Amino acid sequence: MSALKKTTRPPSAEEETRDNKQGMNMKKVLDLSSGDSHNAGVKPITFVRQVIAGCLYPSLLQSDALPPDARLRAQMLLRHFDGGSIGSYTDSCGSMYVRNTIAESISLRDGGVPSSPEQVFITVETQRGLMVMMRLLCQSEGVSAVMIPDPAPHTLARLLERMGVVPVPYRLQEQCGWSVERAELNRAIQASRGRCSPRAIYMSNPGDPTGHVQSRESIEDVIRFAADEELFLLVNEVYQNTVFADGSEFVSYKRVLAEMGAPYSERVQLASLHSLSNGIMGECGFRTGYMELVNVDQAVMLYTEVLLTGDLCPPVIGQIALDVMADPPHPGEPSYTLYTQEVASRLMTLKCNVSRAVEVINDLPGFSCLSVQSGIFLYPHLTLPHSAVTHAQSVGLLYSRRLLEDQGVCVGFSEDHTHSQSCCHFRLCVLMPSDELEEALRRLRCFHYQFLKEYCEITISAPQQSN
């Protein structure tokens, strides 16, 4: 049955009139296109801001304004900054004290797999880490390329273009929950032969924007593929702390690589990326992340540090927040209860928002939306009749532009030309207060039926009421 034959009740005339009046008087644009959760109304984690406050204004450390563990953490951090001040530079790759905290947290996460602070590089966001690795990997003659997923994070294509690197897309299998298939990886790299030279394969796990979580078996397949094709593994793991679906578990590429043993654990080179901006922390404004390199030659490690010296140092406030993210309050400490409650509340809000949004979107004619396991985005698929194509070359652009103009809802989109010109996907961030999400869904529903009437010449009749 076509999705457009769904019998969901459209808005009544009274609802349309009310919604149109509200739309004309809207004062707030709801931006679902980005992952800026604080902008959407999510509050910062209290302990993060308390530690930062103590470092910014050390006089607070002489009073009871902050909890004892927050004061102690701030004092410890200040002792490791030159001059006892966050106004001083750190090393170009970040404070060695914070890098050691991150390395210890990685080892704890991965069941004891060793991690060295010398292999951890704190960067100005994950984009900077990716740029450095692209520059290192693409020094050879010929046309350098990187294999990337389709769909991919929306900033990735622009980054590759900026670096002069050719993307080699491999399609994630939507019908199988956005899985990564070895046969598709083989097809993509074979199709690139003769026109470019792939140097690396980029993975997003958990998936951005798809929200899928790779199984251990899937990760092993990718590692074997990278070994067979002598590709460097670039792994975006920024949503590792947002897995909320029952039965889903994040397992890092580094852990799987180590547990696969030789020859893979010794040969496959890996860069793993994490960030403050994404997921539970959502501290986009701090612009700080980190990258861990595995099985990379020491000379390359030194060159990585040289490339990062151009930044002088990553933001010091961001480094403080990274220290807290890597080493949150422990059981028994004064801030532990509040910290765990705030994190759990965000995960529960995210899980409930995903369930609610998937339910509403799947009730809209033409839409199909898979549920997700992690991350903060939904990635629904819209299929419209071909009549809609006559109004614009880009259905996704037309739909998203009109949605913004008419209802003040901003969404990201990507066309799906593999099926037809009347198909597209949308990127919707759902990590926000539930009332904000309900308002966004209400506006989307109102707009969708109007769009079908105007551009597709379709009016969905209300279902017959049974006696």
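General observations
- For K28, the aspartates and glutamates whose Cα comes closer than 16 Å to its Cα, not counting residues fewer than 8 places off in the same chain, are D19, D36, E405, D406, D435, E436, E438, E439.
- DSSP bridge pairs, the chain: antiparallel proportion in percent, nearest 5: 50 percent
- R401/Q173 FRET efficiency (R0 22 Å; Cβ-Cβ; nearest 0.05): 0.15
- Two numbers describe the Cα atoms of the range 89-326: Rg and Dmax, which are 16.8, 49 Å.
- Burial ordering of D363, D31, fewest other beta-carbon atoms within 10 Å first: D363, D31
- Potential lengthening between Y336 and S88 on full extension [0.36 nm per residue; Cα-Cα distance subtracted]: 86.3 nm
- Each Lys and Arg Cβ is given +1 and each Asp and Glu Cβ -1; about its Cα centre, the range 89-326 then shows a dipole of about 540 debye.
- Global form of the range 64-132, assessed from the alpha-carbon gyration tensor, a/c cut-off 1.5: oblate
- Across the range 149-292, the mean sequence separation of Cα contacts (distance under 8 Å, 6 or more residues apart), normalised by length, yields a relative contact order of 19 percent.
- Positive dipole terminus of the chain, leading residue within G285, F447, L322 (C-beta point charges): F447
- Shown in residue order for the range 182-197 are the 3J(HN,Hα) couplings computed by the Karplus curve 6.51 cos²θ - 1.76 cosθ + 1.60 at θ = phi - 60°: 4, 4, 5, 4, 4, 4, 5, 6, 5, 5, 7, 4, x, 10, 7, 10 Hz (x for Gly and Pro).
- Ranking of M301, M203, M348 by count of other Cβ atoms within 10 Å, fewest first: M348, M301, M203
- Residues whose placed amide H lies under 5 Å from that of Y170, excluding near-sequence neighbours: I148, D150
- Cα shape, the range 242-396, gyration tensor, a/c 1.5 rule: prolate
- The angle between the Cα long axis of helix 216-229 and the main principal axis of the chain comes to about 70°, on a 0 to 90 degree scale.
- F413, F244 arranged by Cβ crowding within 10 Å, fewest neighbours leading: F244, F413
- Helix 46-56 axis, angle to the chain major axis (alpha carbon atoms, nearest 10°): 50 degrees
- Here the extension length gained between H38 and Q190 equals 50.4 nm, from 0.36 nm per residue of separation less the Cα-Cα distance.
- Nitroxide proxy distance, nm - points 7 Å out along Cα→Cβ at D64 and R216: 5.0 nm
- Taking every C-alpha pair closer than 8 Å and separated by at least 6 residues, the mean separation divided by the residue count of the chain gives a relative contact order of 23 percent.
Laboratory data are not the source of any read-out in this text; all were calculated from the coordinates shown. As the structure is a computational prediction, the values presented were derived from the model and not from experiment. In this analysis, Cβ positions are derived from the backbone assuming ideal geometry, glycine residues included, and neighbour counts consider all displayed protein chains.
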